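Colleague: Would you mind keeping the following structure in view while I ask a few things?
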Amino acid sequence: MNVGWVSYYEAITMGFSGVMLRGSGISWDLRAVSPCELDCLWSVPFGISGDCYDRYLVRIDEMRQSLSISQQIIGSLEIGSVSLLLHCGSFHSVYCSFEAPKGEMGVYLAMVRCKVRAPGCLHLLGLA
């Protein structure tokens, strides 16, 4: 316990996302705030103390939540085709973000440029 402790303030200041943010007591999940047409019952797991053990417990709870979401979606599917709609920005550029295992992953595509915001880079900066 108390190993790798990250406070609420440090997690926000360093731009952490995912389990690093939720393990520090911040109830933020990109899946909860992004528009979704599926009606699933689930909660955002978050920790209290902000140490490694707390982040471990958050990850375990996230796996339970993912299993519950999957079961709800499979139970609500109808026989037939399933379509997926991706809403993008303007024709010349698009930014999409999604919840990856280590946090929020962002991809910006423009005509001649591609930028990726991987959550692991910000987490490594927190070690300095």
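Colleague: How large is ³J(HN,Hα), in whole Hz, for each residue of the stretch 40-47 in order, when computed from phi with the Karplus curve 6.51 cos²θ - 1.76 cosθ + 1.60 and θ = phi - 60°, using x for Gly and Pro?
Modeller: 10, 9, 7, 10, 8, x, 8, x
Colleague: If R₀ is 30 angstrom, what is the calculated FRET efficiency for the pair Arg113 and Arg31, using the beta carbon separation as r and rounding to 0.05?
Modeller: 0.65
Colleague: Can you list residues from other chains, or at least 5 along the same chain, whose modelled amide H is less than 5 Å from the amide H of Val6?
Modeller: Distant-sequence amide H within range of Val6: Asp51.
Colleague: Once amide H atoms are placed 1.01 Å from N in the peptide plane, what residues at a sequence separation of 5 or more from Gly103, or on another chain, have their amide H within under 5 Å of its amide H?
Modeller: The answer is Val19.
Colleague: What is the packing order of peptides 50-58, 107-115, 21-29, 6-14, taking the mean over residues of other C-beta atoms within 10 Å and listing the highest first?
Modeller: Ranking the peptides 50-58, 107-115, 21-29, 6-14 by packing returns 21-29, 50-58, 6-14, 107-115.
Read-outs throughout are calculated quantities, based only on the coordinates presented, and are distinct from any laboratory measurement. Please read all numbers here as calculations on a predicted model, not as lab measurements. With ideal geometry, Cβ positions are generated from the backbone for all residues, glycine too; neighbour counts draw on all protein chains shown.
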